[in-house]
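Participant: So that we are looking at the same thing, I have put the structure below in structure tokens.
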Amino acid sequence: MISRRSLALLAGSAALVSSLGVARAADAPESTFDRIKRTKKLRIGAIAGGEPYYHKDLVAGKWSGFCVDMATDLAAQFEAELDIVESTWGNAVLDLQADKIDIMFGVNPTPKRAFAIDFCKPLFTNAFTILAKKGFEPKTWADLNDPKVKIAVDIGSSHDAIARRLCPKAEIVGFKTADEATLALQTGRVDAQVLVVILSLTMLKKNPNVGQLIVPQPLMGTTTNPGVRKEADKSFRDFVDVWVDYNRSIGQVREWVSKNLELVGVQTGDIPPAVNF
């Protein structure tokens, strides 16, 4: 038979455990999903000069691009305002980790990045291409893997990663932005620049004389995904996954991409036959 003293001790212990549980719950960080619902603000990163993913009107300060269209629609699901934070492809992962933004559209997943952030389901697949200087016509990645070849990349991007993986013998020249890498190609400091096909097509429309578009064989590609911060509560990531599935199934993702490609002058017929989104 349990004494009254024992019962009192048990009751006290239960109360202590309960109070500790409440304290821990109170100390737990607010999830991204709950914060967006509470503040009615969705923070995204955006890249100036990243057309057609992102475009910043320097005069009006207004953002556009298919990633902005996607983010606007996602924010609308929460009845939230879109808060755009300027970033770079190289800094986007750090901005997620530092809680400066809630989501980054247009990120290419790699195992290394997966240690730092979570990836949502793919929006579409993007092929790797090169812009090559006139007279330089490599057919394969092996043709580019030569110590005599100089390849421009934007540091920290998927272009940087694929060039170093497939062309370790080549001289890889890193630049802060893709535009700076293109300028290096245009001025003859490098032989080629690695870009995903959407960006290379856009770059050629801006400046047809920058070089020629080549799809090296074998065809290599990467998925384009939204990236979110790692956290114990996966509600936001799970919600974005459902949102991606829905918008892909009804053709909305393709519509967002096609519309913004047309805005920069890229038509369906401009896409190389070897490339299929």
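Participant: Using a cut-off of 22 Å between alpha-carbon atoms, which lysines can reach Lys40, once sequence neighbours fewer than 8 places away in the same chain are excluded?
Facilitator: Lys62, Lys100, Lys230, Lys234
Participant: Further question on the same structure: Compute the Cα gyration tensor for segment 66-115, then decide on rounded, prolate or oblate, letting a ≥ b ≥ c be the square roots of its eigenvalues: rounded whenever a/c is under 1.5, prolate when a/b is larger than b/c in the other cases, and oblate in all that remain.
Facilitator: prolate
Participant: Across segment 60-75, in residue order, what do the Karplus-derived ³J(HN,Hα) couplings come to in whole Hz, using 6.51 cos²θ - 1.76 cosθ + 1.60 with θ = phi - 60° and x for Gly and Pro?
Facilitator: 8, x, 9, 9, 8, x, 5, 5, 5, 4, 4, 5, 4, 5, 4, 4
Participant: If R0 is 51 Å, what FRET efficiency do you get for Leu219 and Glu86 from their C-beta distance, rounded to 0.05?
Facilitator: 0.95
Participant: Let me ask you something else. With no solvent and one point on each alpha carbon, what is the Debye value of log10 I(q)/I(0) for the chain at q = 0.07 Å⁻¹?
Facilitator: -0.32
Participant: Turning to a different aspect of this structure: What FRET efficiency, computed as 1/(1 + (r/R0)^6) with R0 = 35 Å and r the Cβ-Cβ distance, is obtained for Lys206 and Lys148, rounded to the nearest 0.05?
Facilitator: The value I calculate is 0.75.
Participant: Can you tell me what share of the DSSP beta bridges in the chain is antiparallel? A percent to the nearest 5 is fine.
Facilitator: 55 percent
Participant: Something else now. Taking H placed 1.01 Å from N in the peptide plane, check which residues at least 5 places from Lys41 or on another chain put their amide H under 5 Å from its amide H.
Facilitator: Those lying under 5 Å, H to H, from Lys41 are Glu81.
Participant: Roughly how many percent of the accessible protein surface of the chain is carbon and sulfur, given a 1.4 Å probe and a whole-percent answer?
Facilitator: 55 percent
Participant: For the chain, what does -39500 (n - 2.57) per DSSP helix run (n ≥ 4), summed and divided by total residues, give at 222 nm, in deg cm²/dmol to the nearest 500?
Facilitator: Rounded to the nearest 500, it is -12500 deg cm²/dmol.
Participant: For Lys62 and Tyr246, what does the FRET efficiency come to when R0 = 35 Å and r is the distance between their Cβ atoms, rounded to the nearest 0.05?
Facilitator: So the FRET efficiency works out to roughly 0.80.
Participant: Can you list residues whose amide H is under 5 Å from Phe124's amide H, if they're 5+ apart or on another chain and H is modeled 1.01 Å from N?
Facilitator: Here Thr224 satisfy the definition.
Participant: Kindly give the semi-axes, whole Å and largest first, of the ellipsoid equivalent to segment 153-210, taking each as the square root of 5 times a Cα gyration tensor eigenvalue.
Facilitator: That gives 18, 13, 10 Å for the three semi-axes.
Participant: While we're here: For a quick check: with amide H placed at 1.01 Å from N, whose amide H comes under 5 Å from Ile117's, ignoring anything fewer than 5 positions away on the same chain?
Facilitator: Correct list: empty.
Participant: Could you tell me the relative contact order of the chain? Use alpha-carbon pairs under 8 Å, at least six residues apart, and round to a whole percent.
Facilitator: 23 percent
Participant: Which order do the peptides 151-163, 86-98 take when ranked by the mean count of other beta-carbon atoms within 10 Å per residue, highest first?
Facilitator: So the order, starting with the most tightly packed, is 151-163, 86-98.
Participant: For segment 16-147, what does the relative contact order come out to in percent, with C-alpha contacts under 8 Å and a separation of six or more?
Facilitator: Once normalised by length, the contact order is 23 percent.
Participant: Given 0.36 nm per residue, what is the gain on full extension from Glu79 to Glu137 after removing their alpha carbon distance, in nm?
Facilitator: Fully extending the segment from Glu79 to Glu137 adds 15.8 nm.
Participant: Any idea what the alpha-carbon Rg over 2.2 N^0.38 Å comes to for segment 80-211?
Facilitator: This ratio for segment 80-211 stands at 1.12.
Participant: Shifting gears a bit: Where is the GNM fluctuation largest for the chain (alpha-carbon springs, 10 angstrom cutoff): Arg229, Arg38, Arg237?
Facilitator: Of the options given, Arg38 has the highest mean-square fluctuation.
Participant: Which lysines have a Cα less than 22 Å from the Cα of Lys133, not counting those fewer than 8 places away in the same chain?
Facilitator: Reachable lysines: Lys148, Lys150, Lys169, Lys176, Lys205, Lys206.
Participant: Here's another thing I want to ask about it. Let me have the relative contact order for segment 111-231, percent, based on Cα pairs under 8 Å that are six or more residues apart.
Facilitator: For segment 111-231, the relative contact order is 46 percent.
The values are calculated or read from the model by the stated rules, or taken from the named source; none is laboratory data. Values in this document were obtained by computation on a predicted structure and should not be read as measured data. Don't worry about glycine lacking a Cβ; one is built from the backbone with ideal geometry, like all the others, and counts go over all protein chains shown. Just so you know, the surface numbers come from the protein's heavy atoms only, side chains and all, with ligands and any DNA or RNA stripped out. Shrake-Rupley method; radii C 1.70, N 1.55, O 1.52, S 1.80 Å.
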